[in-house]
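**Student:** Please find one structure pasted underneath; my questions will follow.
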């Protein structure tokens with residue numbers, strides 16, 4: 001079915017009181033994220049996988065949009081992120097980047113697209129940047145991924161790291177479990193964070209990390225930390241948008257549901273079906289004359 005709308009951007013103004021890391025409608029850049037950290041201003045980040053959703057979040061003043069490999073769980077029906085391909089990420093990344101004029105768009109490098117080494121990682125990152133119009137790529141791992149991060153950043157491509165619970169390694173980690181508990185594990189995570197920074201990353205996501213550990217890492221790093229299940233003492237927060245908006249019956253403990261869009265959408269579909277079956281829709285208002 002054709003969608004006759006040619007402009008994916010919403011026609012409403014951003015909600016009152018929204019403040020981005022930039023003072024106006026300019027595109028968020030790497031230096032804006034660094035400056036926000038220096039000023040103590042929190043950075044906002046949500047996932048997005050398509051143009052209409054990205055346009056709404058962009059208009060709302062969200063600083064960063066993550067085209068995450070969580071698309072596998074949230075949109076493609078996979079049980080994990082592992083089946084997601086580079087083609088999947090490029091397609092979604094292009095849609096999101098094309099619908100934004102403000103947000104810093106980050107695209108995940110999926111499992112299997114960078115683990116072989118720096119050469120593979122650089123090729124994957126170059127493809128993402130050339131074919132999507134994104135601002136940066138993201139990849140998982142600390143010291144084990146440092147050479148990949150260094151190769152990508154040396155080519156002029158910003159990289160966001162991802163530490164703590166790393167979904168692509170969930171089989172090795174034993175599932176979605178908090179990482180960095182205990183002195184030894186916390187030290188390992190801290191060393192990984194330093195390695196990511198030294199390799200040239202412009203920021204790092206900390207997922208499912210104890211509050212104290214995330215706070216300590218944020219204190220000694222010079223790049224922004226973005227938490228998800230890592231407590232309030234980080235430089236910013238990210239959530240999977242379907243968790244944030246209540247699109248499913250379940251959300252992880254660390255996610256706050258700011259709406260119940262799933263129920264509203266289901267009710268809208270039921271109302272549509274009822275009116276079609278009863279003959280109440282369409283009316284003359286929704287029909288064309290000769």
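**Student:** Pairing the Cα long axis of helix 211-220 with the longest principal axis of the chain, what angle in degrees results, from 0 to 90 and rounded to the nearest 10?
**Tutor:** Helix 211-220 sits at roughly 60 degrees to that axis.
**Student:** Still on this structure: Order by neighbour count: 88, 50, fewest other Cβ atoms within 10 Å first, most last. Kindly include the intermediate steps, with their values, before the conclusion.
**Tutor:** Details: 88 20, 50 16.
Result, fewest neighbours first: 50, 88.
**Student:** Nearest 10 degrees is fine. How inclined is helix 30-39 to the longest principal axis of the chain, computing both from alpha carbons?
**Tutor:** The helix 30-39 is inclined about 70 degrees to the chain.
**Student:** Follow-up. Using only Cα atoms, find the angle between the long axis of helix 183-198 and the longest principal axis of the chain, and express it within 0 to 90 degrees, rounded to the nearest 10.
**Tutor:** It works out to around 80 degrees.
**Student:** Beta carbons within 10 angstrom, averaged per residue: use that to sort the peptides 229-239, 156-166, 104-114, 171-181, highest first.
**Tutor:** Descending packing order for the listed peptides: 104-114, 156-166, 229-239, 171-181.
Values in this text are rule-based calculations from the coordinates and carry no lab data. Computed from a prediction, not measured in an experiment: that's the story for all the values here. For neighbour counting, all protein chains shown are included, and Cβ atoms are generated from backbone atoms with ideal geometry for every residue, glycine included.
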